[in-house]
Amino acid sequence: MSLRQSIPAPLRPWLPAAAAALGGWLATDALLRLSHLPLSPGFSLAVLLGGAWWLRRPRRTPAARDTDVAGWLERLEQLQTQFGRLEEEPAPQRAEQLAGLRAELGRGGLLLALVGTSPPPAELQPVLVEALRGSEPLLLHWAHPLPAWSAAWRWPEPFEACDGLLHHLRTPLSAADLRWLEALPAGQPAWLLVQTSQAGPALEALALEVRSQLGPGLAQQLLFWNGEPEALAVSLAPLAAQLASGAPGLRQARQLRRLEQLHASWQGDLERLRRQHFLPLQRRTQWLVAAGVVAAPLPSLDLLVLAAANGLMLKEMARLWDCPWNLEQLQAAAAELARASLALGVVEWSSQALAALVKWHGATWLVGSALQALSAAYLTRVVAAAMADMLALSVGVPEPDLEAIKRQAPLLVARAAEAEKLDWSAFLDQGRQWLGAQAGDGVAAIGA
């Protein structure tokens, strides 16, 4: 038996803190003996207890942020503020969306929708409402038949606002029914009312067949009905019991789901807006870097020019993505991406691809380091694109995790390089324009 196993289980989590405290006590005692400072043993004990508390205190990570209704509303308000900084004129529909969602959050009772490609007759609506009646107010939405085909297979928003869906099915299940079930929004509660004339062993065999066609979640939500109105209450009894006991949970789940859906939609819109602001910054910085490489008389100065230009770019990118990292942290993250770019051969590939452009341009002899400058511009372009992806993934992270960035860097750079290759012709056109401008400056300087 090891020493750790011989220690009682409740005390094992304190082993790191105890070891640190013992080491700290020995170090403190040695320092006190050497320095002869008049510090009391109580002071040493307080320091050790404080250190132990610091080691054992819970760390708050971005993933542990509040996920209640108030927390989601606060995030939506933060997104509105970020939109306001990037848009010339705020879009009125976002304020309308948030106001409508706030009104929906205050809705009491439960909202249930009966859906299906072939729903039962509308005359059964009073019977169904009576079968589901409970202590909570219930509003039933009897929907029009779902289409047998859809280009997007996306549930309309009124259904997403329901606390639950009761999907009426007929056997055998149609391809359209299965497709609509696959397209259910994540987290949307749904129960399947399967109408069949089977009974006894035949019904058990049918249940196994239907469950095999569904996911593990929906397979547990089956309610079989023989189609007779007087049997509807018996078939819906399990659902009625769930609605009666779980109404508060269903309501809260719907509120959180709707808030998360709106947040994801706004986050996508904000990211597209950020990219619109980022692209001119990326183009401007890459040619600033190229010009700096041409102007620098020594190769060692190329790195200084690259760092200065990228520092300005990184500050602006941090503003676009509302990133709290300081310049040193941003440059450290960008350096990891640059190392990954060099390791993946981005510079070598761009140098080979740009050689033809430099040879083709007649005035390139005026620019002695044109190839190096264009390669530096392309490297800046790829690193900036990878940095944008990393900042998008790091929204809300208070400080960078360089080890995690180092692990993610090859994939981020590979994706960015592949995306930039698709826009290679545009970069070549910009390179020709930049070479022409550099040659024109050179001719003007010689004429002067």
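At-a-glance table
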item: Estimated inter-spin distance, LEU173 and LEU312, nm [label 7 Å along Cα→Cβ]; result: 6.0
item: Ordering of 100-111, 281-292, 142-153 by packing [mean C-beta count within 10 Å, highest first]; result: 281-292, 100-111, 142-153
item: Using alpha carbons only: equivalent-ellipsoid semi-axes of segment 147-278, gyration tensor based, whole Å; result: 34, 19, 11
item: Computed lengthening from GLU204 to GLU88, 0.36 nm per intervening residue step minus Cα-Cα distance; result: 35.5 nm
item: R0 of 25 Å, Cβ-Cβ distance GLN97-TRP142: FRET efficiency to nearest 0.05; result: 0.40
item: Cβ-based net charge around LEU111, under 10 Å, with every Lys or Arg adding one and every Asp or Glu removing one; result: +1
item: Additional length obtainable on full extension of the chain from GLN78 to LEU344, 0.36 nm per residue less Cα span; result: 92.0 nm
item: By average C-beta atoms within 10 angstrom, highest first, the peptides 175-187, 250-262, 232-244; result: 250-262, 232-244, 175-187
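None of the figures in this text is laboratory data; all of them are computed from the coordinates on show. Keep in mind that what you see is a predicted model, and the values were worked out from it rather than measured. Here Cβ is always computed from backbone atoms with ideal geometry, including for glycine, and neighbour counts include all displayed protein chains.
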